[in-house]
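Worksheet for the structure shown next.
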Amino acid sequence: MKHLSILAAILLAVVLGGCNPKGMVSTNQEIEIGKQSSKEIESKYGIVKDAQLNDMVNTMGQAIAKCSDRPDLEYTFKILDQKDVNAVSLPGGWVYVYKGLIDETKGKPDELAGVIAHEVGHIAARHHAQMMGRELQAQILIGTLTKGDVQQVAGVFANVQLLRWSRVQEFQADKLGVKYMYRCQRWDAQGLVNFFDTLLKIQKNHPSKFEQIFLTHPVTEERIKRAQEYLNALKAGTEKP
Ligand SMILES: [Zn+2]
């Protein structure tokens, strides 16, 4: 029952589009929940052990995290052994790239970096805390959150198939992703938009495949348009990086 009510709270939070006040969940609590979820995700989906691939993703991720608005968190970047084209983040600094995304962006590091920057954007904007819902945040605030509660919340984040960000959160993570790439000056900040274009091409050619693609972050024309406009504004100097 408890699990159901947490799920309901999360769905409500998603529907409301992240209206919850920020800052009620502390960084330490985010890390505690993220750490627990990371164990569940890794045992559930499996991790790619290829040292070279891991090194590539970790080096890229750590560099992007340093350009983010939360550079002091300890970040972990790993590859999930799944063929879907997707990526997920957990509260407190964990980012998982799916093997299917690595394959899809092979030879296009700017696109992979763009997706990782988008995930770092979710973490930096503390979207996970918003997703936890008011009820749970209040519990955390008054200190009644038990170890069992942490485990249950962690279980929700580890259930990747059920996670959906709101449109507002996606727009914000896109914007932050583009901003961090632009700050880093190490990859083409156009990478995220190019990746979205690739996804839309796949959607046209293989509609059935697309249902599984970037499932947790549905791509729309509106998102592409907004991200491109924001990047143009950064380049024109009308937005500050
Ligand atoms: Zn997203």
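The values are calculated or read from the model by the stated rules, or taken from the named source; none is laboratory data. What you see is a predicted model; the values in this text were computed from it and never measured. Here the Cβ positions follow ideal geometry from the backbone for every residue, glycine too, while neighbour counts run over all protein chains shown. Surface accessibility is based on the protein's heavy atoms, side chains included, excluding ligands, DNA and RNA. Shrake-Rupley method; radii C 1.70, N 1.55, O 1.52, S 1.80 Å.
Data table
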{"item": "Of all residues making up the range 41-72, the number that are farther than 17 Å from Tyr98 by Cβ, more than 15 Å from the chain's Cα centre (by Cα) and surrounded by 15 or more Cβ atoms within 10 Å (Cβ to Cβ)", "result": "2"}
{"item": "Filter result (more than 14 Å from the ligand (Cβ to nearest atom), under 14 Å from the mean Cα position of the chain (by Cα) and either modelled with pLDDT of 95 or more or charged (D, E, K, R) (or both)) within the range 148-193", "result": "none"}
{"item": "Criterion violated by Val153 - all others in (1) buried (at least 22 other Cβ atoms within 10 Å of the Cβ); (2) within 26 Å of Lys240 (Cβ to Cβ) satisfied", "result": "(2)"}
{"item": "Residue match in the range 208-216 (condition: more than 18 Å from His127 (Cβ to Cβ), more than 14 Å from the ligand (Cβ to nearest atom) and at pLDDT 80 or above)", "result": "no"}
{"item": "Spans of helices (runs of 4 or more DSSP H) in the range 185-241 with at least 2 residues open to solvent by less than 70 Å² (accessible area, probe 1.4 Å)", "result": "191-205, 221-236"}
{"item": "Pairs with Cβ under 8 Å, 6+ apart, first in the range 38-63 and without any contact (Cβ under 8 Å) to a residue 24 or more places away in the chain, second open to solvent by 40 Å² or more (accessible area, probe 1.4 Å)", "result": "Asn58/Lys78"}
